[in-house]
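J.: Have a look at this one before I ask anything.
The values are calculated or read from the model by the stated rules, or taken from the named source; none is laboratory data. Keep in mind that this is a model prediction, so the values were computed, not measured. Virtual Cβ from ideal backbone geometry, glycine too; neighbours counted across all protein chains shown.
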Amino acid sequence: MRIVLLGAPGAGKGTQAELLSEYLQVPHIATGDLFREALAKDTPLGREARAYMDRGELVPDAITIAMVRERLSAPDTERGFILDGFPRTVEQARALDEVLAERGRKLDLVVFIDVRPEVLLQRLSGRWICQDCQGVYHTLYNPPERPEICDACGGRLYQRIDDRPETQRRRIEVYLAQTAPLIEFYRERGLLVTVNGEQEIARVRDELRSAVDRVRTRA
Ligand code: ADP
Ligand code: AMP
């Protein structure tokens, strides 16, 4: 299945994408993770993306689309994928359609994880990420068993620079201006399902699975 998870920064896309990726056995592709990986390796892509990421702005479409196009050409996407953090603009959404159409494919489902801005700020402030496996934790809502250590792989947890309060707000503004229009874009195409992302993680997971199962039985 080819699925897009749509939602503001902190809505729970990464958390749910990881769970859904295990459920469906298809890769979880997060453009934010791909950029952070490039940044950590100090590649030309990472150096180009850094300034935008630090400011909480979007990396330009041409760069982002080229990166996703390449990732989607890898053989592990044959059986499908879960995209997290892409598309984030209408131009990216159109490019995704094109890339898939070139291979005779289409998206099966877009899930909008709906969370109010005031809740997003609490989520981002308490977020910790594993530097090795990108596992996502929260000091209150999903704490690791040992402070600052990943339950899954034992890696160190860190807080993202762009989760600072000034950048959080900017990222939410950018989301509302540039990404939120995709909700209508996908609704018009009959692909959108909305899930209330303010419920606990397991409940959101179950609703996502039901949405996926409904599409699977239809296919
Ligand atoms: P996104 O990928 O959309 O930016 P994340 O999956 O990284 O969001 O989640 C943001 C933060 O909120 C993380 O610290 C995560 O542990 C926490 N979180 C995710 N889903 C929920 C939820 N349903 N309830 C409470 N906290 C959540
Ligand atoms: P995320 O991990 O999804 O919160 O993304 C972190 C940062 O990476 C964003 O604030 C952007 O600077 C950049 N980024 C990730 N995905 C995209 C995208 N689809 N388009 C443009 N920039 C992106």
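J.: If we keep just the residues of region 123-151 that are in contact (Cβ under 8 Å) with a residue 12 or more places away in the chain and among the acidic types (Asp, Glu), which is farthest from ligand 1 (Cβ to nearest atom)? Give the derivation first.
T.: Initial filter on region 123-151 (in contact (Cβ under 8 Å) with a residue 12 or more places away in the chain): 123-142, 144, 148, 150-151.
Those left that are additionally among the acidic types (Asp, Glu): 132, 148, 151.
On the way: Asp132: 16, Glu148: 14, Asp151: 12 Å.
Per the stated criteria, the residue is Asp132.
J.: Do we have Gly80 as crowded, with 20+ Cβ neighbours inside 10 Å and either farther than 18 Å from Glu37 by Cα or within 16 Å of ligand 1 (Cβ to nearest atom) (or both) here? So that I can check it myself, show each step before the final result.
T.: Numbers: crowded, with 20+ Cβ neighbours inside 10 Å: no; either farther than 18 Å from Glu37 by Cα or within 16 Å of ligand 1 (Cβ to nearest atom) (or both): yes.
Answer is no for this residue.
J.: Now for a separate question. Between a first residue in region 72-86 that is aromatic (Phe, Trp, Tyr) and at pLDDT 95 or above and a second residue that is surrounded by 12 or more Cβ atoms within 10 Å (Cβ to Cβ) and in a loop (DSSP other than H, G, I, E, B), which pairs have beta carbons less than 6 Å apart while being 6 or more apart in sequence or on different chains?
T.: Phe81/Val26; Phe81/Pro27
J.: List the number of the failed condition for Arg69; all other conditions in (1) without any contact (Cβ under 8 Å) to a residue 60 or more places away in the chain; (2) within 16 Å of ligand 1 (Cβ to nearest atom) hold.
T.: Evaluating Arg69 over (1) without any contact (Cβ under 8 Å) to a residue 60 or more places away in the chain; (2) within 16 Å of ligand 1 (Cβ to nearest atom) leaves (2) as the failure.
J.: Further question: If you go through region 104-130, how many residues are closer than 30 Å to Ser73 by Cβ, surrounded by 14 or more Cβ atoms within 10 Å (Cβ to Cβ) and either hydrophobic (A, V, I, L, M, F, W, C) or more than 17 Å from the chain's Cα centre (by Cα) (or both)? Steps first, please.
T.: Of all residues in region 104-130, those closer than 30 Å to Ser73 by Cβ come to 104-113, 129-130.
Still in the list and also surrounded by 14 or more Cβ atoms within 10 Å (Cβ to Cβ): 105, 107-113, 129-130.
If we keep only those that are either hydrophobic (A, V, I, L, M, F, W, C) or more than 17 Å from the chain's Cα centre (by Cα) (or both) too, we end up with 105, 107, 109-113, 129-130.
Here the count works out to 9.
J.: Go through (1) within 13 Å of ligand 1 (Cβ to nearest atom); (2) assigned to a helix (DSSP H, G or I); (3) of a type in the set (Lys, Arg) and name the single condition Arg94 misses.
T.: Failed condition: (1).
J.: Show me the strands (runs of 3 or more DSSP E) found entirely inside region 1-88 where at least 3 residues are more than 13 Å from the chain's Cα centre (by Cα) and within 21 Å of Gln168 (Cβ to Cβ). Let's see the steps before the verdict.
T.: Numbers: elements: 2-6, 28-30, 81-84.
Because the criterion is at least 3 residues that are more than 13 Å from the chain's Cα centre (by Cα) and within 21 Å of Gln168 (Cβ to Cβ), no strands (runs of 3 or more DSSP E) in region 1-88 meet it.
J.: Something else about it: Return a yes/no flag: does region 159-171 have any residue that is surrounded by fewer than 16 Cβ atoms within 10 Å (Cβ to Cβ), closer than 21 Å to Gly12 by Cβ and among the aliphatic types (A, V, I, L, M).
T.: yes
J.: Every residue in region 183-219 that is closer than 21 Å to Ser21 by Cβ, surrounded by 12 or more Cβ atoms within 10 Å (Cβ to Cβ) and among the hydrophobic types (A, V, I, L, M, F, W, C), please.
T.: Leu191, Leu192, Val193, Val195, Ile201, Val204, Leu208, Ala211, Val212, Val215
J.: What single numbered condition from (1) under 24 Å from Gln131 (Cβ atoms); (2) more than 14 Å from ligand 2 (Cβ to nearest atom); (3) without any contact (Cβ under 8 Å) to a residue 24 or more places away in the chain fails to hold for Leu45?
T.: The one condition Leu45 does not meet is (2).
J.: What number of residues in region 1-49 are at positive phi and in contact with a strand residue (DSSP E or B) (Cβ under 6 Å, 6 or more places away or on another chain)?
T.: Residues flagged as at positive phi and in contact with a strand residue (DSSP E or B) (Cβ under 6 Å, 6 or more places away or on another chain) within region 1-49 amount to 2.
J.: Also, I was wondering about something else. Within region 23-77, work out how many residues are surrounded by fewer than 18 Cβ atoms within 10 Å (Cβ to Cβ), small (Gly, Ala, Ser) and closer than 16 Å to Thr89 by Cβ.
T.: 2
J.: Could you tell me how many of the residues in region 156-172 are more than 13 Å from ligand 2 (Cβ to nearest atom) and among the hydroxyl-bearing types (Ser, Thr, Tyr)?
T.: Final tally of qualifying residues: 1.
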